[in-house]
Amino acid sequence: MILDFIVWDVNPYIFTFPENWPLLGGHPVAWYGLLWAMVFVVGYYVMRGVYRKEKLSDEQLDKLTIYMLIFTIVGARLGHCLFYEPEYYLANPEKFLYVWEGGLASHGGAIGILIGLYIYARKIKKPYIWILDRIVIPVAIGGAFIRLGNLMNSEIYGYETSLPWGFKFVRDWAPGTPIDAIPACHPTQIYEALVCVIVFAVLMYLFYKKDTINKHPGFFFGLFCTVIFGSRILIEFIKQPQVEFENSMALDMGQWLSIPFVIVGIYFIIRSYKKVSN
């Protein structure tokens, strides 16, 4: 029997520390936070494999991890605050620091990463494109973890659908709402996570089985930007607006912010092959 829909009623919190614990007492541990932590843990080991193949030291990798950790979180937080709710956060600047209340934007994280990597590349005396080509490998799988975090939070999902894999996000409705009254919606978090996994698999194959990364500098970065952000533009058409002002926009904020990345991605793909032909 094929289900007409999937009831999604997962608790976003894994557990809560006992009240009598010092400092941590009463604080919950969220799936979203755990999956964000997994971004850096898994990313570290993926990048360690890349660095060892390139015969680079773990010390250089540790420096990269610190840069990525700081610039990703700061960029993602500022991106959400300034792109999606600038009036609220500028009126309440202390709320910029309240990361536990939610609000991290992938586009802001991407911008933060680009800035951090530019500084890092200068420190280790490597071309900027050298590190960009390699960092997108772990970033691709990291994107999948982040979208699964959105799924565990029952947030950032799509419009109503009659497809058999539509999700009924029970926790986004008032308690006691009958299941029949809750529409099944596109699980766009899973769509985006699958794109990230596919891009990660392709990049890993090209890195370890082919010499694409050295023959065509810029191709990995270009492919990542074109596919990840290109798919974001398409998926946004079936995703519900994140903030109210997007209701009046022909393209939402996520789409507008994705367009420059796609253009840059196409440019680097073309450039990577033109350099070889010349």
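The values are calculated or read from the model by the stated rules, or taken from the named source; none is laboratory data. On a predicted model such as this, the values are computed, not experimentally measured, just so you know. All Cβ positions, even for glycine, are placed from backbone atoms using ideal geometry, and neighbour counts span all protein chains on display. Remember, those area values only see protein heavy atoms, side chains included, never the ligands or the DNA or RNA. Shrake-Rupley method; radii C 1.70, N 1.55, O 1.52, S 1.80 Å.
For segment 166-190, a tally of residues being over 16 Å from the mean Cα position of the chain (by Cα) and assigned to a loop (DSSP other than H, G, I, E, B) returns 11. Glu87 falls short on exactly one of the conditions (1) more than 26 Å from Thr212 (Cβ to Cβ); (2) touching a helix residue (DSSP H, G or I) at 6+ places or on another chain (Cβ under 7 Å); (3) of a type in the set (D, E, K, R), and that condition is (2).
Looking at segment 191-260, the helices (runs of 4 or more DSSP H) lying wholly inside it that each contain 1 or more residues that are open to solvent by 30 Å² or more (accessible area, probe 1.4 Å) and under 18 Å from Ala105 (Cα atoms) sit at 230-236. When the helices (runs of 4 or more DSSP H) confined to segment 73-157 are screened for residues that are at pLDDT 80 or above and basic (Lys, Arg), those reaching at least 2 such residues are found at 106-124, 128-152. Here the condition is being among the aliphatic types (A, V, I, L, M) and surrounded by 21 or more Cβ atoms within 10 Å (Cβ to Cβ); of Ile146, Ile129, Ile115, it holds for Ile146 alone.
If the condition is being open to solvent by 70 Å² or more (accessible area, probe 1.4 Å) and within 28 Å of Asp62 (Cα to Cα), then segment 25-47 contributes Trp31, Leu34, Val41, Tyr45.
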